[in-house]
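In what follows, a single structure is set out as structure tokens and then discussed.
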Amino acid sequence: MTKVKSLADLKAMREKFQSNLDVREKGDIQDEIVQVKVAMATCGIASGAKQLMEYMMEKAEALKIRAVFTQTDCMGHCQLEPTIEVKVPGRDPLVFGHVDNKKADEIFEKYIVNNEMVEGVIPVNREVIDK
Amino acid sequence: MHVLVCGGTGCKASQSHEIVENLKSALVENGLQDEVQVITTGCFGFCEKGPIVKMMPDNTFYTQVKPEDARTIVEEHIIKGRKVTNLLYTDPETNEHVSDSKHMGFYKKQVRIALRNCGFIDPENIEEFISRDGYAALGKCLTELKPEDVIQEIKLSGLRGRGGGGFPTGLKWEIASKNHADQKYVVCNADEGDPGAFMDRSIMEGDPHTIVEAMAICGYAIGATKGLVYIRAEYPLAIERLQIAIKQAREYGLLGTNILGSGFDFDIELRYGAGAFVCGEETALIHSMEGKRGEPTFKPPFPAVSGYLGKPTNVNNVETFANIPVIINRGADWFNKIGTEKSKGTKVFALAGQINNVGLIEVPMGITLREVIYEIGGGIKDGKEFKAVQTGGPSGGCLTTKHLDTPIDYDNLIAAGSMMGSGGMVVMDETSCMVSIAKFYLEFTCEESCGKCSPCRIGNKRLCEMLTKISKGNGTMEDLYELRNLAAVIKDTALCGLGQTSPNPVLSTLDNFWDEYVEHVVDKKCRAGVCKSLMRYEIDQSKCVGCTACARNCPVNAIKGEKKMPHTIDTEVCIKCGACIERCKFGAISIK
């Protein structure tokens, strides 16, 4: 057991433990940060949604974007898997199809950071996946 | 992914422990134990719909989860990403499922300061507390602030004692700091005794380190090195979690000698109370800790001058302490923008009684009763009519419909004939009889009176006898006037806070429900149908078919009648137990 001997120790400890709570803290403020939902039904998983999600998590960290990733049920576009829904605060949610690592880079770098439109948006007839 | 499961006393009683076990084993079966963490937290506050399971980061809020639902949550929500709709909260107005707690009426208006970590962190894990800025306020005080700066900050924040009295906390600390002695003490009053109140218990169960940190800050500010928590033995879970917190803090060097290299020493011990209401009064509490009888003594001398073992002692309530670290971290200016002019910050209330959302809430001072009862509380159970809300426990009073739009703060509640108290809020509907309510609280004070001074010991007994007489139908108008006189005398002459406030339930019900009292003594009627002696059971001769079900089940044979002929009740013999009403399939028996 390391003792906390100074304020600097305490701060270092706080940094160290913070990542443990990151998931919860993001959940608490999810409306204020980027939300990415990954369709992860059989079709999504078969098309590589799991690997994609992991890749995007690393990407977000590398770009220092605070984002919360959640998996969701089949979005109904099985032929376009993997599909993801991206909700940036203040913008309407968008659903992208055929997302691979390259497309994910584009979405993060162009759409999320610069609000530039990116190819591959699936027009949806509903506003959000679930209320 | 994190799964938070409520481990407060309420949810624990509804098997939340089994839910945790089942979740963990279902995760292991699916090989997900490394990806998904299951965390037992403190109270979420929404006790009405407990046990609560919250999924993070998607913030899905599952209610009334049973141990057997754990597997479904793992298989559906975690593996397939589908929400388990039948466990979601259903909005009573729109009848729609609400998955995110932020969109629930119960949470919308709440501002959580004292409860900031309850239902968010694992109370038995100091690391989680530290990563939520835990002990940062203590660190700031010890390294950047002088004791007088700390006191100044608390004074500026406008924080007032949350135990009920509302005494300015900063001032209390200042008085204690100015009394010099070789030893001073910091005491945390965790002797929560109001019927229906569980704010302090939930804070200690959900965020015990906050209390440890705040007591150390107080110790630094007033120059004390010893802290004592006076907690009732009826709170075993809170005791256990506090003990764990103290042990962890010692291991991390956050309690003990030379904390954070500052040269400041502080340690905390627990003292157990046997659950006497009067021991919430600070002088009685101190005597109880000294091993003496839990009896109050006259103030002055105040504990700040001569308290525990005759040394200067600062006593604060649990919830007061829970606000301290936030004030230090975020500054007095941030804190004193919340609330009303004279009551700053927030207050935790325990909602109980005939209300849809029973639970624990934290709201900014100045919110109205209407918002609390109808928006957060979800209105009255079974669509009944609101009648009164009792605040302040046995020392408080009943507020009625005319007070619904009064902003809640210390001064407004006193002006309305009640008081803030520690934060119990018992909501009553039309089926509550106000005479019986006053009697209930008087019986409580009679039992809890320590007996030291006669106004409280004898006066309350007489009040209680008069109320019993009225509820039995033997009261007269003179009794009503005498009630008021005697109540005023007790208020003026009793020794301590318990006695001085004990007549409040009588006075406030007399003020607000005079008609109901008059009905009891003049018309010999109890409109709520609570006072048994004033009730009469009657069989509607046109509805009774003579099935004899009532007669066979009457324990005192008060019902007579031939088979297949309408029966009658002998009201002289009837003990009004209600067994006949339950048995009658034809709705022929009614209470008049």
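With the largest listed first and rounded to whole Å, the semi-axes of the equivalent ellipsoid of the range B:265-325 from the Cα gyration tensor are 19, 15, 13.
Could you work out, for the range B:1-85, what percent of all Cα-Cα pairs fall into each 10 Å distance bin, beginning at 0 Å and stopping at the bin that holds the largest distance? With a bin width of 10 Å, the distribution comes to 20, 58, 21, 1.
Sort B:I328, B:I367, B:I539, A:I65 so the one with the fewest other Cβ atoms within 10 Å of its own Cβ comes first. List each step's numbers first, then the result.
Numbers: B:I328 27, B:I367 23, B:I539 20, A:I65 17.
Fewest-to-most ranking of B:I328, B:I367, B:I539, A:I65: A:I65, B:I539, B:I367, B:I328.
Quote the relative contact order of chain A in percent (integer), defining contacts as alpha-carbon pairs under 8 Å separated by 6+ residues. Spell out each step's value before the answer.
On the way: 161 pairs, mean separation 30.1, N = 131.
Rounded, it is 23 percent for chain A.
Among the DSSP beta bridges whose two residues both lie in chain B, what percent are antiparallel, rounded to the nearest 5? The antiparallel proportion sits near 60 percent.
Over the range B:536-591, the fraction of Cα-Cα pairs per 5 Å bin, rounded to whole percents and listed from the shortest bin up, is 4, 24, 39, 25, 7. Considering only A:F96, A:L63, A:Q79, and ranking their Cα positions along the charge dipole of chain A that arises from unit charges at the beta-carbon of Lys, Arg, Asp and Glu, the one farthest toward the positive end is A:L63. Distance between the C-alpha centres of the range B:64-137 and the range B:355-395: 22 Å, rounded to the whole angstrom.
Quick one: compute a quarter of the convex hull surface over the Cα atoms of the range B:262-399 and quote it in nm².
Details: hull surface 47.5 nm².
That works out to 11.9 nm², a quarter of the Cα hull's surface.
Quick check on the exposure proxy: order A:R14, B:R201 from fewest to most C-beta atoms within 10 angstrom.
Ranked by crowding around the Cβ, least crowded first: A:R14, B:R201.
Where Rh denotes the Kirkwood radius from the mean inverse Cα pair distance, what is Rg over Rh for the range B:398-443?
Working: Rg = 11.4 Å, Rh = 11.8 Å.
Rounded to two decimals, Rg over Rh is 0.97.
At 20 °C and a viscosity of 1.002 mPa s, what translational diffusion coefficient does Stokes-Einstein give for the range B:346-429, taking Rh as the Kirkwood radius over Cα pairs? Give it in µm²/s as a whole number.
Working: Rh = 12.2 Å.
It diffuses with D of about 175 µm²/s by this estimate.
The separation of the range B:170-231 from the range B:574-592, counted between C-alpha centres, amounts to 53 Å. Based on Cα contacts under 8 Å between residues 6+ apart, chain B shows a relative contact order of 11 percent.
Every helix of 4 or more DSSP H residues in chain B counts as -39500 (n - 2.57), and over all residues that averages to -10000 deg cm²/dmol at 222 nm.
Dipole magnitude of the range B:536-591 about its Cα centre, charges +1 at Lys/Arg Cβ and -1 at Asp/Glu Cβ only, in debye to the nearest 20?
Values: 9 positive and 6 negative charges, 43 e Å.
Charge dipole, the range B:536-591, about its Cα centre: 200 debye, nearest 20.
Per DSSP H run of n ≥ 4, the term is -39500 (n - 2.57); total these for chain A, divide by its residue number, and report the mean residue ellipticity at 222 nm rounded to 500 deg cm²/dmol. Show your work: numbers first, answer last.
Values: 4 runs with 47 residues, N = 131.
After summing the helix terms and dividing by residue count, I get -11000 deg cm²/dmol.
Using the Cβ atoms and a cut-off under 12 Å, what net charge is assigned to the surroundings of A:S19, where Lys and Arg are +1 and Asp and Glu are -1? Provide the component values of the computation, followed by the final result.
Details: positive: A:R14, A:K16, A:R24, A:K26; negative: A:E15, A:D22, A:E25, A:E61, B:E127, B:E128.
Once all neighbours under 12 Å are counted, the net charge is -2.
Which of the three applies to the range B:126-335, rounded, prolate or oblate, going by the alpha-carbon gyration tensor with a ≥ b ≥ c and a/c under 1.5 meaning rounded? Here the range B:126-335 falls in the rounded category. Less than 5 angstrom separates the built amide H of B:G45 from those of B:L360, all sequence-distant by 5 or more or on a different chain. The residues B:S395, B:S343, when put in order of fewest to most other Cβ atoms within 10 Å, stand as B:S343, B:S395.
Take the alpha carbon atoms of the range B:434-523, find their radius of gyration, then divide it by 2.2 N^0.38 Å using N residues; give the quotient. If you can, show how the numbers build up before the last one.
Numbers: Rg = 12.1 Å, N = 90, 2.2 N^0.38 = 12.2 Å.
For the range B:434-523, the normalised Cα radius of gyration is 1.00.
Nearest 20 debye, what's the magnitude of the dipole of the protein assembly as shown about its Cα centre given +1 on Lys and Arg Cβ and -1 on Asp and Glu Cβ?
1760
Report, in whole Å, the centroid distance computed from the Cα atoms of the range B:1-59 and the range A:55-109. A separation of 28 Å, based on Cα centres. Principal-axis analysis of the Cα atoms of chain A puts helix A:7-28 at an angle of about 20° to the longest axis. The mean of 1/r over all pairs of different alpha-carbon atoms in the protein assembly as shown, once inverted, gives a Kirkwood hydrodynamic radius of 28.5 Å.
With only Cα atoms counted, the range A:32-122 has Rg and Dmax values of 11.8, 33 Å. Between the Cα long axis of helix A:49-62 and the first principal axis of chain A there is an angle of about 50°, rounded to the nearest 10. Indicate the helices, whole DSSP H runs only, in chain B that combine a mean Kyte-Doolittle hydropathy of 0.5 or more with a Cα extent along their long axis of 15 angstrom or more. What comes out of the filter, once short or polar helices are dropped, is B:208-222, B:318-330.
For the range B:382-487, what is Rg from Cα atoms divided by 2.2 N^0.38 Å, rounded to two decimals?
Working: Rg = 14.8 Å, N = 106, 2.2 N^0.38 = 12.9 Å.
In units of the 2.2 N^0.38 Å rule of thumb, it is 1.14.
When both bridge partners sit in chain A, DSSP labels roughly 60% of those beta bridges antiparallel. Give, to the nearest whole percent, the P(r) tail of the range B:471-583 beyond 20 angstrom, counting all Cα pairs. That fraction is 57 percent. Taking all pairs of distinct Cα atoms, average 1/r, flip it, and tell me the Kirkwood hydrodynamic radius of the range B:167-277 in Å to one decimal place. Roughly 14.6 Å, rounded to one decimal. Size of chain B from its Cα atoms: along the principal axes, largest to smallest, the extents are 89, 67, 41 Å.
No lab work stands behind these numbers, since they all come straight from the coordinates. Please read all numbers here as calculations on a predicted model, not as lab measurements. Neighbour counts run over all protein chains shown; Cβ positions are idealised from the backbone, glycine included.
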